[in-house]
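Here the structure is laid out as C-alpha cells; the discussion comes afterwards.
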2 protein chains.
Amino acid sequence: MDIINIFYYLAIILLFGKSFGLIARKIGLPQVAGMVIAGVALGLLSRFHSDDNFFLRFFIKPNDEEMNVLHVFSQIGVVMILFSSGLETNLSQLKQSGLAASLIALAGVLVPMAFGTLGCLAFMGGFSEYTQDKLLNSIFVGTILSATSVGITAETLKELGKINSKVGQTIISAAIIDDVLGIIALSVVTSIKHGGIGQIGITLLKTAGFFAFAIGLGILTRLYFKWEENKFPHKRRTSIFALALCFFFAFCAERFFGIAAITGAYMAGIVLSGLSDTDFVDKKIEMSGYLLFSPIFFTYIGISADFEGFGLSYLLFSVIFIVLGITGKILGCGLAAKPFGFNVKESATVGCGMIARGEVALAVYAAGSALIAPENGIDPLIATILLIVTSSILCPILLKAFFKEKSV
Amino acid sequence: MDIINIFYYLAIILLFGKSFGLIARKIGLPQVAGMVIAGVALGLLSRFHSDDNFFLRFFIKPNDEEMNVLHVFSQIGVVMILFSSGLETNLSQLKQSGLAASLIALAGVLVPMAFGTLGCLAFMGGFSEYTQDKLLNSIFVGTILSATSVGITAETLKELGKINSKVGQTIISAAIIDDVLGIIALSVVTSIKHGGIGQIGITLLKTAGFFAFAIGLGILTRLYFKWEENKFPHKRRTSIFALALCFFFAFCAERFFGIAAITGAYMAGIVLSGLSDTDFVDKKIEMSGYLLFSPIFFTYIGISADFEGFGLSYLLFSVIFIVLGITGKILGCGLAAKPFGFNVKESATVGCGMIARGEVALAVYAAGSALIAPENGIDPLIATILLIVTSSILCPILLKAFFKEKSV
C-alpha cells in the first residue's frame, strides 16, 4: 500500500463529498444524501481510471488494501456519529417522556421492521422458498427502517412554531426513544447473525450481557469522569479519554458480545451523557467527525455500492421498501398515538413527523451489510438512499399541510 | 485485517499516550516526549502478548496490516501538525523580522546540520570508510537537529516578562524563520534520497519546481478561499476544503516532486495563512489533530521504535548527538547574533533560547527514517527523544540563569 495515495483519496473524498453535500442541501435534500451520491459518482468514475492517460489517472481507484484503510476511516466515522448521538441523549428527559411517547416509539420501530421484513421476504420469492439466510436478510432490511431521524422534523416544527405543542413534544420524545430502541433492535439482529437463529436464547443472553457490562463499567467510568471534570474542567484530556472509551466499548461490543460496534459507541455516549463536560466533549468529537470521518463514512458507502443487481426488479424493490418504510411509521406511530388523547388528524401528524430517515439508517445498513447473503441478491443500499431522500422531502411537506389545518 | 482490533489499539494508544503525556508535563517534560515513551512502553509490552492468557492478550500486538493502518493515522497526524504550523505562520511578521533574525535562523539550521552530519559520519567509522549511503544517513541525522521548537522558549520568555525585549523578539522571529528553513532543508534531503546524490542538480530543480507549483496553485486557491470566507464566513466547509487542500499538497509534494509529504502540508498551511478565517480553520484542524491523530503519531513513533542496535555504543552516539545538537544551536545562533549589536551574554542568551527541540524534530525523523540503510545501523529515534527531553529541560534553566544577570 502506498500511503501517499491515501492522502489523495482523502483530498478527493472530502472535496467531492462536501461539495455534493452542500449542493444537496441547496436543493432541499439532506447533506448525507449528497455525500453518498458523491461516493456513488466517484465509484462509477473509478471504472474509467487509467494510469496511462493524464486526466483519467486522477479518477480514484483504491486497491483492496487501500479500500480497507478507507473502510477503517468510515467505521470510525459511523462510530463517532453514534457516540455523539449517545452523548446528546438527555436521559432525564427520556425518563419523563411518559407512556405515550414510549409506546409510539415502540410501535414506530416494530411496525416498519415487520413491514420491511415481510415485504422483503415476499419480494424474495415468497414464504414457500423460505430459508434462514433469506429470513436474516429480510429482518436486517426491516431493521434499516426502524430509526427515525429527528433532525428534519425538529427543524420543521421549529419553523412552524409547533415544537412546544403537545404533538411536537410527543414527536420529539418518541424520536429520541426510537433511537435507543433502534439500537437494541440492531443489537439483537447482529447477535443473531453471529449466533444463528437456532441459538436465539444465547443471542438474547449475550445482548443482555452487553448491556449489563456497559452499565456496570459505565457507572465506574462515569464516576471517574465526574471526578475529572471537577478537578480539571474543560480540559482536552477529557475528550481524548472519552474517545478512548468510545473505541473501547465499540471493540468490546463486537468482540465479546457479537453486537455491532456502533451499539457500543452509542452506549459509551450514554454513559458520558448529562455530565457538566458532556457538551464540551461532544463539540470536540462532533468537530473531528464532521471535519474528516463523517464525510468519509457517507462517501465511502457510496463508493462501495454494488450496482451488479441493479435493474427494473431492484427499482420495484426500492419502491416497495420506501412505501413500507413510510406507511410503517405513519401507521405504527399514528395508531399508537390515537388512544392517548390525540384525534385522528393529530395522530396522523405524529405519524408523519416520524417518517424521516437519515444517517442512522445508513449506520444500520453499514453495520449489517455483511448479513446479506449474495445469493439473495438484495443489497438495500440504493433503496435506503432513496428512502432518505424521499422521506426528507415528504416529512416537512406533510407536517406543514397538517399543521395548516386549524384543528391541530 | 480485523477492523474491530483497530478500535482496541486506538483506545489503548489514546489512553496511554495521553496519560504518559500528562505525567511528562507534570514532571516538567514536554508532552510529546511522554507520548513517545508511552509508545515505546506499548511496543515493549507487545512482546509479552499471548492469546492464551486472559491478561496477556490485552497487550496490543498489531499484525503487519494493522500496523500499516496505524502508520496511515500517524502520517495524517504529522501532516496535520505541519499544516497547523503553516497556518500559524505570520508571513507579514516574517517579512519584517529583518536581517538579524534571518541570519541567526540560517546559522541555527546550518551549524547543527553540519555538526550532526560530521559527527554521525565520524561515529560510523570515520571518513575513510565513506559511502554514499552513510553520507545520506548522516545528512539526515543532521537535518533532525535543524528545527527549533519555539513553544518552551516562548513560555519561559513570557514567564520572565522578557518576550518583548530585543533578545526575546529576536529569538521568536528567528525560531519562526527556522521552521521554514528546516522544511527547505528536509525537502532537499528527501529529494536527494529519491534521486541520489549524483543527480543533485535535478533534485534541486525538483525542489524549486515544487515551491513554484505550491506558490502558483496557492495563489489561485487563496483567491478562492478569500471569496469563500467573504461569502460564507466561519463555515465548516472552509475547514473541510482546507483539509482537502492540505492532503492534496502533501500528495503532490511526494508523488510528483519526491519531497516529504509534510513539506506539502506545511506549504498548504502557508497558502491559507493570514486570511480572516485562518484562525477558525486552524482551531478545527488542531482540535482534530489533538484529539486523535497527534497522540497516534507520537505514540506510533515509540511503538515502531527498533531496539535492535541499542547498547553502549548507541548511548555514546546519543550523547554525541545531544551535545552536537545543543552546542550547534548555541554556537551557530550566538555567533550570528554577535555582529548585530548584541553583547556576548545577549548573544549566548539568543543561542540558548534556540536549543529546544520538539515535535518538528520527530516529524523530520518520521519523514526521513526510510533513508536509513539498515547496514549503517544508526536509527536516531531514541537519541532524538533524549535530545527533546534534555533540551526542553535545559532551555528554561539557561534562559532563566542568563536573564537573572542584570546586563541582559
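The values are calculated or read from the model by the stated rules, or taken from the named source; none is laboratory data. The shown structure was predicted, so the numbers you read here are calculated from the model rather than taken from an experiment. We place every Cβ from the backbone using ideal geometry, glycine too, and count neighbours over all the protein chains shown. With ligands, DNA and RNA removed, areas are computed over all heavy atoms of the protein, side chains included. Shrake-Rupley method; radii C 1.70, N 1.55, O 1.52, S 1.80 Å.
Here the simple spin-label model places points 7 Å from the Cα toward Cβ, and for A:Phe55 and B:Leu316 these points are separated by 6.3 nm.
If you take each beta carbon of peptide A:283-293 and count the beta carbons of other chains within 10 angstrom, what is the mean?
Working: counts 1, 5, 4, 0, 8, 9, 2, 5, 11, 12, 2.
Across the residues of A:283-293, the mean count of other-chain Cβ atoms within 10 Å is 5.
Label-to-label distances for B:Arg255 across copies, nearest first, come out at 3.5 nm, using points 7 Å from Cα in the beta-carbon direction. Helix-only arithmetic for the protein assembly as shown: the sum of -39500 (n - 2.57) across DSSP H runs with n ≥ 4, divided by the residue total, places the mean residue ellipticity at 222 nm at -25500 deg cm²/dmol.
How do A:Val189, B:Val188 rank by accessible surface area computed with a 1.4 Å probe, from largest to smallest? Please list the in-between numbers first.
Values: A:Val189 5, B:Val188 40 Å².
Correct descending sequence by accessible area is B:Val188, A:Val189.
Where the accessible area of the protein assembly as shown is counted over protein heavy atoms with a 1.4 Å probe, how much of it, in %, is carbon and sulfur? Here carbon and sulfur together make up 65 percent of the probe-accessible area. In nanometers and ordered shortest first, the copy-to-copy spacing of the A:Gly98 label point, defined 7 Å from Cα toward Cβ, is 7.4. Computed over the protein assembly as shown, the P(r) curve from all C-alpha pair distances, binned at 10 Å from the origin, holds 3, 12, 21, 23, 18, 12, 7, 3, 1, 0 percent per bin.
For the peptide B:71-83, the mean number of other protein chain Cβ atoms found within 10 angstrom of a residue's Cβ is 2. In segment B:233-267, comparing the full protein assembly with the chain on its own, the residues that lose 30 Å² or more of accessible surface at a 1.4 Å probe are B:Arg236, B:Arg237, B:Ile240, B:Phe241, B:Leu243, B:Ala244, B:Phe247, B:Phe248, B:Phe251, B:Arg255, B:Phe256.
With all protein chains present and a 1.4 Å probe, how do A:Ile176, A:Ile385, A:Ile397 order by accessible area, largest first? If you can, show how the numbers build up before the last one.
Numbers: A:Ile176 45, A:Ile385 20, A:Ile397 100 Å².
Reading off the accessible areas and sorting them downward yields A:Ile397, A:Ile176, A:Ile385.
Between this copy and the others, label points of A:Asn230 are 5.4 nm apart in ascending order, each placed 7 angstrom from Cα in the Cβ direction.
Ratio of alpha-carbon Rg to the 2.2 N^0.38 Å globular estimate for chain A, to two decimals, please. Present the calculation step by step, with values, prior to reporting the outcome.
Working: Rg = 21.2 Å, N = 408, 2.2 N^0.38 = 21.6 Å.
The value comes to 0.98.
Charged neighbours of A:Ala261, selected by a Cβ distance under 10 Å, balance to 0 (K, R count +1; D, E count -1).
Excluding ligands, DNA and RNA, what is the solvent-accessible area per residue of segment B:262-408 at a probe of 1.4 Å, expressed in Å²?
Per-residue accessible area for segment B:262-408 comes out at 35 Å².
Bridging of B:Lys404 to aspartates and glutamates at a Cα separation below 16 Å is possible for B:Glu159, B:Glu346, once same-chain residues fewer than 8 apart are set aside. Relative contact order of chain A, taken over Cα pairs closer than 8 Å and 6 or more residues apart, is 30 percent. The lysines within cross-link reach of A:Lys193, meaning a Cα-to-Cα straight distance under 25 Å and a gap of 8 or more places when in the same chain, are A:Lys134, A:Lys206. On the rotation that sends chain A to chain B, the chain A Cβ lying closest to the axis gives residue and distance in whole Å as A:Ser288, 2. Remark: accessible area buried at the B-A interface is about 5000 Å², both chains counted, probe radius 1.4 Å. Both radii are taken from the alpha-carbon atoms of segment B:257-394; with Rh as the Kirkwood radius, Rg/Rh is 1.03. For B:Lys18, the lysines whose Cα comes closer than 25 Å to its Cα, not counting residues fewer than 8 places off in the same chain, are A:Lys226, A:Lys231, A:Lys235, A:Lys283, A:Lys284, B:Lys26, B:Lys61, B:Lys283, B:Lys284. Look at where the Cα atoms of segment A:41-95 and of segment A:139-205 average out, and the two centres are 24 Å apart.
Just order A:140-147, A:300-307 by mean Cβ neighbour count inside 10 Å, highest at the front, would you? Mind dumping the intermediate values first?
Details: A:140-147: 29.2, A:300-307: 21.4.
In descending order of packing, they fall as A:140-147, A:300-307.
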